[in-house]
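The values are calculated or read from the model by the stated rules, or taken from the named source; none is laboratory data. Predicted, not measured: the structure shown is a model, and the values here were computed from it. In this analysis, Cβ positions are derived from the backbone assuming ideal geometry, glycine residues included, and neighbour counts consider all displayed protein chains.
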Amino acid sequence: MLKVFVITFIVVVMVTVITNAAVILTTNNKVKSLEEFDGHYDYIIVLGCGIIDNSIPTDLMVDRLNTAISLYESDAAPKILLSGDHRVDDYNEVAVMRNYMLDYGIPEEDIICDDLGLSTGETMQRAAELFDVHSAIVVTQKYHLNRALYLARNYGIECEGVIATGHTFIFQAYYSGREVLARVKDFFFCIVF
């Protein structure tokens, strides 16, 4: 029994390492800091990541929104696609994101809202299939960016990612650990779908 457990453990570790390496190594050359980025795309995609009291963006979200605003103002893309969760009336990530953008002077006609972007994969699928996005800058934190780009490419979106920075997060170890497992899940998702 111990032998089966050890073999299973080794296989699980190997699959985790190999799939994470595949996601990271195939997208790493497309991960840029705001200062390094010099491309031009059709859209900036901003991934939702939580709000407080249905009116305040979390610090993670603020960093993403501020990065997207900087990209938009530097003419990196003419449109911004905001994607987040709005399954219930008292939780509307996209409305909070949109209001933040409007408060910072982004023209309403340049903001597209997807309120059913419930996961990174769903966001990329909907961007490609529903909003007809062919090229995009994906904005999220560094720990999440490789997987977001991997999924975007799976749906045929030509993309680069720009790292959202600004805050230090006390739960970063949790986010990074969760991301290791999410990369495994989405690696196999991209093979199947």
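The table below lists the values:
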read-out: Flag for ILE80 being in a strand (DSSP E or B), modelled with pLDDT of 95 or more and more than 12 Å from the chain's Cα centre (by Cα); value: yes
read-out: Extreme residue, modelled with the lowest pLDDT, among residues of region 127-167 that are among the polar types (S, T, N, Q) and either more than 13 Å from the chain's Cα centre (by Cα) or in a strand (DSSP E or B) (or both); value: THR165
read-out: Conditions (1) under 13 Å from ALA136 (Cα atoms); (2) surrounded by fewer than 13 Cβ atoms within 10 Å (Cβ to Cβ); (3) aliphatic (A, V, I, L, M): number failed by ILE80; value: (2)
read-out: Index of the failed condition, ASP85 passing every other in (1) closer than 17 Å to ALA127 by Cβ; (2) crowded, with 17+ Cβ neighbours inside 10 Å; (3) at pLDDT 95 or above; (4) not polar (S, T, N, Q); value: (3)
read-out: Residue in region 173-185 that is in contact (Cβ under 8 Å) with a residue 24 or more places away in the chain, assigned to a helix (DSSP H, G or I) and hydroxyl-bearing (Ser, Thr, Tyr) present; value: yes
read-out: Residue among ILE18, ILE56 that is among the hydrophobic types (A, V, I, L, M, F, W, C) and over 22 Å from LEU82 (Cα atoms); value: ILE18
read-out: Residue within region 39-51 that is surrounded by 12 or more Cβ atoms within 10 Å (Cβ to Cβ), in contact with a Lys or Arg (Cβ under 8 Å, 6 or more places away or on another chain) and among the acidic types (Asp, Glu) present; value: yes
read-out: Of the criteria (1) in contact (Cβ under 8 Å) with a residue 60 or more places away in the chain; (2) over 17 Å from THR165 (Cα atoms); (3) crowded, with 17+ Cβ neighbours inside 10 Å; (4) touching a strand residue (DSSP E or B) at 6+ places or on another chain (Cβ under 8 Å), which one ASP115 fails; value: (1)
read-out: Any pair with Cβ under 6 angstrom, 6 or more apart, that starts in region 28-53 at a residue that is closer than 18 Å to ASN146 by Cβ and of a type in the set (Gly, Ala, Ser) and ends at one that is in a strand (DSSP E or B) and at pLDDT 95 or above; value: SER33/ILE163; GLY39/GLU160
read-out: Output for region 123-133, where each listed residue is surrounded by 15 or more Cβ atoms within 10 Å (Cβ to Cβ) and either in contact with a Lys or Arg (Cβ under 7 Å, 6 or more places away or on another chain) or within 23 Å of ILE69 (Cα to Cα) (or both); value: THR123, MET124, ARG126, ALA127, ALA128, PHE131, VAL133
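Residue-wise test of (1) more than 18 Å from VAL162 (Cβ to Cβ); (2) among the aromatic types (Phe, Trp, Tyr); (3) out of contact with any helix residue (DSSP H, G or I) (no Cβ under 7 Å at 6 or more places or on another chain).
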site: GLY48; (1), (2), (3): no, no, no
site: SER55; (1), (2), (3): yes, no, no
site: SER83; (1), (2), (3): no, no, no
site: ARG87; (1), (2), (3): yes, no, yes
site: VAL94; (1), (2), (3): yes, no, yes
site: LEU102; (1), (2), (3): yes, no, no
